[in-house]
Amino acid sequence: MKKLWILIACMMFLTGAVIVSAQDAPEVTFEPGVSLAIYNQGTALVQDRRMFSFVEGENRIDFTDVASGIDPTSVTFVSLTDPLTSVIEQNYAFDLVSADALVARYIDQRITVTLNDGTGYDGVLLAAYGGIILQMDDGQVITITPDSVRDLRFPDLPGGLITRPTLRWLISSPIAGDQLVQLTYLTGGLNWTADYNILLSPDSDLLDLNGWITLTNTSGATFTDANVKLIAGDVNRIYDQGVLRGEAVEYMADAVFAPAPAVEQRDISEYKLYEIGRPVTVADRETKQVEFVSGTEIPATGYFVYESSYPYYGGSPIFDQYYGLSGVTTVQSWLEFTTDDEGGLGADLPAGRIRVFQEDVDGAPVLIGENTIDHTPEGEMVSLLLGNAFDLVGERIQTDYTYFGSDVLEETFQITLRSRKDDETVEIRVPEHLSRWSTWQIISSSIPYTQLDSNTIEFRASVAPDQEVVITYTVRYTFPR
């Protein structure tokens, strides 16, 4: 018996229940409300708790105001008051009232048509595709064009049409009275993205960052005072069947409503979860923003890149003399910073859009670049392409090409970097992709280089104001015989 009680205690702990004595602890209860787990892939898991009055035996329950983007195959229904209450039948009714739906339901029935000039016709509707065809009481049939109709009048709302998407159940209840029921389902039309604003210092060495959660709701339903959780990560979905990973579904089923900080971050499975610490009303056709991360005086590094060569794609040797001569002259402007705690941020950054601003001499910010980032965990570097530098120019030409036969090829490149800046010396990084073959050797170079990967080297050159720097190197390719 002791082992049985230990097992029961463990099960109650895992399901969120609490063992209490009748004298000194309150009974654990659930409250009506709605909770959302929104994924940044256009999907949300909705948990909705409502009170319904039941009679003993069979009951028909209509659950209205569900999202029109619902996946009906994902719906689960449970009574939190009486676990013996069970579902006999479940239906999703989505035949909503509309002009077309009303007309279709009144074929072979009497309606009234009023034209733009005030003329009225009362007759039996025979057809309404491409025009309205009425049979009058004397047997005469008339055709009315759609653009001449001012209004249509129907005697009543036909059965089967509803004003809102509705989940309808046939429920068997062993007891009569009020019960708290819980509905859980997946829906499309709810999405969230991360938007970041960076204010860069005049010297480009420090930045302030603010991250905003942007919620967008086009699901067809409004969720009032919802407990909102946002899942960051690439959750595998089978979209044609509406199946979500079981871990996330179970998590939402056990979600509780509790006070929390503005936005709290924690791990869930292999993803990051952000919980907004207050009830949020997410209205249909609305975009809402909530700040979730911020940092000040984060060390930053601005740098420039001149990249004019083609990456190596593998396959077979390339002997075309002019392969890889792109003619690119623009020099890119980049910004990088770290998300680690020592760098001043100490936060994970979900995928999103980053805008970078810099203050002018009068203190007014100016947009200097915009880009996107992937999901970036704490401790990683963020590198942002801001645009092309106006005062920097690069030029890359092939100065020698020698093919020694079937297995050796040498070529020489000259790279010229020019600065038209007034008073700033800049470092320009020059990655060179050795794109003809996987076996290569640098025979000579005018300045040192670093090998970045199996087919890429990089030069770094400091260019003074109104000066130019010339880099030359020769590479030898050895091909298989």
Diffing the stretch 63-76: the Karplus 3J(HN,Hα) column from phi (6.51, -1.76, 1.60, θ = phi - 60°), in whole Hz with x for Gly and Pro, holds 9, 8, 6, 7, 5, 6, x, 4, 9, x, 6, 9, 6, 10
At R0 = 30 Å the Cβ-Cβ FRET efficiency linking residue 168 and residue 287, nearest 0.05, sits at 0.40
If the chain between residue 464 and residue 361 were fully extended at 0.36 nm per residue, the gain over the current Cα-Cα distance would be 34.7 nm
With R₀ set to 22 angstrom, the calculated FRET efficiency between the beta-carbons of residue 323 and residue 446, to the nearest 0.05, is 0.45
Quick calc, residue 51 & residue 92: beta-carbon distance into FRET formula, R0 25 Å, rounding 0.05, result 0.70
Karplus-derived 3J(HN,Hα) from phi for the stretch 199-205 (6.51 cos²θ - 1.76 cosθ + 1.60, θ = phi - 60°), whole Hz, x at Gly and Pro, runs 10, 8, 5, x, 8, 6, 10
With label points set 7 Å from each Cα along the Cα-to-Cβ direction at residue 454 and residue 481, the distance between them in nm comes to 2.4 nm
Spelling it out for residue 421: with amide H atoms placed in the peptide plane at 1.01 Å from N, the residues 5 or more places away or on another chain with amide H under 5 Å from its amide H are 466
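Each reported figure results from applying straightforward, stated rules to the coordinates on display, with no laboratory input. Worth saying up front: this structure is predicted, and the values here are computed from it rather than measured. In this analysis, Cβ positions are derived from the backbone assuming ideal geometry, glycine residues included, and neighbour counts consider all displayed protein chains.
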